[in-house]
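Reviewing the structure listed below.
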Amino acid sequence: MKTPIYMDNHSTTPVDPRVLDEMVPYFSEKFGNAASRNHAFGWEAEAAVDEARERVARLVGASSPKEIIFTSGATESDNLAIKGVAEFYREKGNHIITCATEHRAVLDSCKALERRGYRVTYLSVDQYGFVDPEKLREAITDKTILISIMTANNEIGTIHPIKEIGKIAKERGIIFHCDATQGVGKIPTDVGEMGIDLLSMTAHKIYGPKGIGVLYVRARNPRVQLSPGLDGGGHERGMRSGTLNVPGIVGLGKACQIAKQEMAEEAAHHIRLREKLKDGIFTRLDEVYLNGHPTQRLPGNLNVSFAHVDGESLLMGLREIAVSPSSTCTTASLEPSHVLRALGVKENLAHSSIRFGLGRFNTEEEVDYTIKRIVEEVSRLRAMSPFHKQAQRDSRNKQEVQPKIERKAI
Ligand SMILES: *Cc1c(COP(=O)(O)O)cnc(C)c1O
């Protein structure tokens with residue numbers, strides 16, 4: 001087994017060798033510009049782009065490849081969807097509904113629109129991170145032009161009831177955007193079945209290259225229109241000007257084809273590894289808490305809070321395992337994650353939370369090693385923590401007073 005171990009697959013994933021193989025020729029001998037309509041080099045590039053467009057369309061259930069707009073990634077797709085709809089449908093209304101646990105690309109796009117006079121409702125979530133479709137229904141006004149809710153959360157893995165949300169949007173004639181970056185290729189995602197009108201995704205979360213993504217834009221029932229973010233050559237049906245990143249697009253297409261073929265088997269494998277990791281940690285350590293829902297979550301996601309442990313010290317101690325803290329370092333302070341805060345996780349627990357992201361190339365051996373190291377490191381830090389000692393004393397006292405009450409396994 002090689003270290004460091006990569007277990008942060010929600011941040012990015014390595015390019016699958018099969019993806020890289022298909023990309024390589026498009027950097028050199030097949031270097032044409034897909035918009036060059038007048039010679040063979042252009043036709044060759046265009047054909048490769050067309051094939052990739054079809055592969056993406058098939059993975060997300062688009063009814064036509066024309067609905068696939070290539071962008072630089074999910075951040076751009078989220079910006080284009082939200083700002084593009086807001087501007088195009090300004091006459092119709094100025095109200096947008098989203099959710100408190102969305103990715104920054106969605107939340108900050110909404111914040112930018114608020115500064116320009118739009119009104120945004122940020123729906124709260126329950127203890128597992130679910131939005132309540134009834135609350136969504138209540139938030140809709142006759143000025144609502146867009147609902148933006150992600151399929152699956154990038155920190156806690158919670159999978160929202162997207163089909164229900166799509167149905168409500170359809171009933172009320174409101175455009176439904178979905179940041180499906182974490183869900184596509186991991187859980188079944190079908191824009192028809194789920195009633196999604198706009199969908200963001202990115203290649204580098206599904207074993208494709210960085211810097212290439214997609215915005216799916218529904219062309220019929222209803223035909224969704226957008227104001228473009230960029231002015232220029234009118235590529236991608238005028239929605240996203242700029243010379244196409246052909247090698248990136250080819251890689252994204254291949255990544256989508258593999259995901260479609262292997263998703264079911266891969267998901268089952270990830271669930272097995274995740275449950276093993278979870279059980280390994282939860283049976284050996286007390287005062288550990290699962291963030292997100294036990295089953296309605298992304299197959300490869302595990303998010304755990306370790307009481308009486310400083311998250312930063314824990315990560316420092318685990319240098320040979322690449323995982324993410326559920327807090328973001330800002331210049332001045334360590335901010336607890338907005339997602340955990342929305343779930344109501346207490347600040348000290350939020351600071352001691354770790355997100356594990358299992359991926360295609362993780363092995364059982366790596367999971368075993370990770371369990372062993374987590375248990376060692378948490379125990380070592382707790383042995384030095386005055387809070388932990390106090391908590392142990394408190395719990396012993398409680399047991400002496402009430403000997404019949406068993407401490408429940410978490
Ligand atoms: C990673 C991620 C993004 C950003 O994608 P980029 O392609 O890196 O811009 C947006 N939304 C979610 C949910 C993500 O996980």
**OP:** State, to one decimal in nm, how far the label point of Gln127 lies from the label point of Trp43, with both points 7 Å from Cα in the Cβ direction.
**Re:** 6.5 nm
**OP:** Would you list the P(r) distribution for the chain, with all Cα-Cα distances sorted into 10 Å bins from 0 and each bin expressed as a whole %?
**Re:** 5, 21, 29, 24, 14, 6, 2, 0, 0
Original post:
Where the centre of each part is set by its Cα atoms, how far does the range 108-134 sit from the range 200-243, in angstrom?
Top reply: 23 Å
Subject >> Nonlocal amide H pairs with Ile5, under 5 Å, H built at 1.01 Å >> reply: Ile321, Ala322
Original post:
Can you give the extra length, in nm with one decimal, that the chain gains between Asp279 and Arg90 once fully stretched, where that is 0.36 nm per residue apart less the Cα-Cα distance?
Top reply: 63.0 nm
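Which pairs, out of Lys186/Lys210; Lys210/Lys254; Lys30/Lys210; Lys210/Lys260; Lys210/Lys346, put more than 24 Å between their alpha-carbon atoms? Walk me through the numbers before you get to the answer.
On the way: Lys186/Lys210 18 Å; Lys210/Lys254 14 Å; Lys30/Lys210 20 Å; Lys210/Lys260 20 Å; Lys210/Lys346 35 Å.
Too far apart for the 24 Å limit: Lys210/Lys346.
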Original post:
Straight-line reach from Lys66: which aspartates and glutamates have Cα under 15 Å away, leaving out those fewer than 8 places along the same chain?
Top reply: Glu46, Asp50, Glu51, Glu54, Asp197, Glu236
**OP:** Using a cut-off of 15 Å between beta-carbons, work out the net charge of the residues near Arg172 (Lys and Arg +1, Asp and Glu -1, Arg172 not included).
**Re:** 0
Subject >> Candidate aspartates and glutamates for bridging to Lys278, where Cα separation is under 17 Å - those fewer than 8 sequence places away on the same chain excluded >> reply: Asp8, Glu155, Asp286, Glu287, Glu364, Glu365, Glu366, Asp368, Glu376, Glu377
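Just to verify a number: FRET efficiency for Met1 and Asp190, C-beta to C-beta distance, R0 = 45 Å, to 0.05? Mind showing how you got there, number by number?
On the way: r = 38 Å, r/R0 = 0.84.
Computed FRET efficiency for Met1 and Asp190 comes out at 0.75.
Rounded to the nearest 0.05, what FRET efficiency do Thr12 and Glu171 have when you use their Cβ-Cβ distance and R0 = 41 Å?
On the way: r = 37 Å, r/R0 = 0.91.
Rounded to the nearest 0.05, the efficiency is 0.65.
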Subject >> Rg in Å to one decimal, and Dmax rounded to a whole Å, for the range 1-155 via C-alpha atoms >> reply: 20.2, 59
Original post:
Can you give the % of DSSP beta bridges in the chain that are antiparallel, to the nearest 5?
Top reply: 60 percent
**OP:** Compute the length gained on full extension between Asp21 and Gln261: take 0.36 nm times their separation in residues and subtract their Cα-Cα distance, giving the result in nm to one decimal.
**Re:** 84.6 nm
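Which value in Å is the Kirkwood Rh of the range 262-397 over different Cα pairs? Could the numbers behind the result be given before it?
Values: mean 1/r = 0.0638 Å⁻¹.
Roughly 15.7 Å, rounded to one decimal.
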Original post:
Put a dot 7 Å past each Cα toward the Cβ at Glu364 and Glu347; how far apart are the dots in nm?
Top reply: 4.5 nm
Original post:
How far is it, in nm, from the label point at Thr295 to the one at Met384 when both lie 7 Å from their Cα along the line to the Cβ?
Top reply: 4.1 nm
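Coordinate-derived values only; no laboratory data. All of these numbers come straight from a predicted model, not from anything done at the bench. Note that we place each Cβ from the backbone using ideal geometry, even for glycine, and neighbour counts take in every protein chain shown.
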